[in-house]
1. Quick one: in segment 167-194, which of the residues that are free of Cβ contacts under 8 Å to residues at least 60 places away in the same chain and over 18 Å from L122 (Cα atoms) is surrounded by the most Cβ atoms within 10 Å (Cβ to Cβ)?
2. For segment 79-91, which residues satisfy the criterion of being surrounded by 14 or more Cβ atoms within 10 Å (Cβ to Cβ) and assigned to a strand (DSSP E or B)?
3. Considering only segment 93-113, I want to know if a residue exists there that is assigned to a helix (DSSP H, G or I) and polar (S, T, N, Q).
4. With the condition kept exactly as written, say whether any residue in segment 55-78 is in contact with a Ser or Thr (Cβ under 6 Å, 6 or more places away or on another chain) and buried (at least 23 other Cβ atoms within 10 Å of the Cβ).
5. Only one of these is in the same structural domain as A111 (by TED's automatic domain parsing) and within 18 Å of L66 (Cα to Cα): S175, S160. Name it.
6. Could you list, ordered by first residue, the pairs with Cβ atoms under 7 Å in which the first is in segment 134-152 and at pLDDT 85 or above and the second is β-branched (V, I, T) and part of a helix (DSSP H, G or I), at least 6 apart or interchain?
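The values are calculated or read from the model by the stated rules, or taken from the named source; none is laboratory data. It should be emphasised that the depicted structure is a prediction, and the values quoted were computed from it without experimental measurement. Note that each Cβ is placed from the backbone with ideal geometry, even for glycine, and that neighbours are counted across all protein chains shown.
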Amino acid sequence: MDPQVKDDAVRAPGGVPLLICKGLTKTFNAGQATARPALNGLDLTVDRGDFIVVIGSNGAGKSTLLNMIAGAIEPDSGRLTLDGRDITRLPAHRRAGMIARVFQDPMIGTAAAMTIEENLALAERRGKGHGLGFNLTAGNRGRYRELLAGLALGMENRLSTPVAQLSGGQRQALSLIMASLSKPKLLLLDEHTAALDPRTADLVMAMTRRLVAEQALTTLMVTHNMRQAIETGNRLVMMDAGRVRDDIHGAEKTSLTPADLVDKFKIENDRMLLGS
């Protein structure tokens with residue numbers, strides 16, 4: 001577990017959770033032969049400062065959960081509360097100032113025709129209206145260079161370069177910085193290293209841990225990488241058949257091995273087959 005991320009033992013007693021997912025259900029193509037339940041009465045509470053890693057097999061409901069939190073889809077039933085506000089039916093653009101997201105595809109999180117500095121300036125104004133001119137000052141350009149220099153990907157001296165000219169790894173790293181710039185209440189990471197080569201994936205994960213720790217960002221990260229799941233965050237949530245089946249934290253998470261997780265998957269799958 002990342003030692004910079006707070007553990008359950010230091011949570012404020014009686015504190016109000018940042019995010020509450022209560023009884024969320026979603027069935028795609030409902031009423032048709034192709035109907036597919038994606039969430040099945042899912043409950044999840046996220047405390048302020050949590051860094052939760054979400055794992056599960058394909059079809060477990062992981063991406064549906066993130067899409068629902070972000071506002072891309074609405075639940076059939078259930079309720080979502082963020083920072084004490086009911087956001088269940090709130091459109092995605094109305095959540096933009098509160099929730100930031102980094103997708104698996106490096107091409108999604110950035111504007112290819114705009115320059116690096118324009119992308120960063122736009123991200124900094126996320127949820128605050130339009131206009132780039134105010135943010136593109138000498139001071140902000142210096143701050144952007146400093147942020148990019150920490151990546152060691154050579155972008156700090158290319159602020160005026162169109163993002164279309166960057167590699168996939170560079171674009172994903174830029175997407176992560178952009179997502180953190182507006183200080184969102186909640187950061188969603190949807191398999192954000194899955195499309196990268198191993199070296200770049202490790203670099204982006206190291207930057208992820210650093211940004212989350214430095215800015216105390218409450219974070220939900222979906223991954224299929226067992227090593228990332230064990231090494232990252234203070235909680236590990238296992239999903240299966242649209243529900244949370246396990247919530248591992250504290251000493252149990254610290255002592256986990258990849259073999260332990262494989263065994264847990266097998267046990268949960270056996271339980272589902274037996275109907276328990």
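1. T193
2. Across segment 79-91, the qualifying residues are R79, L80, T81, L82.
3. no
4. no
5. Sole residue among the options that is in the same structural domain as A111 (by TED's automatic domain parsing) and within 18 Å of L66 (Cα to Cα): S175.
6. L147/I177
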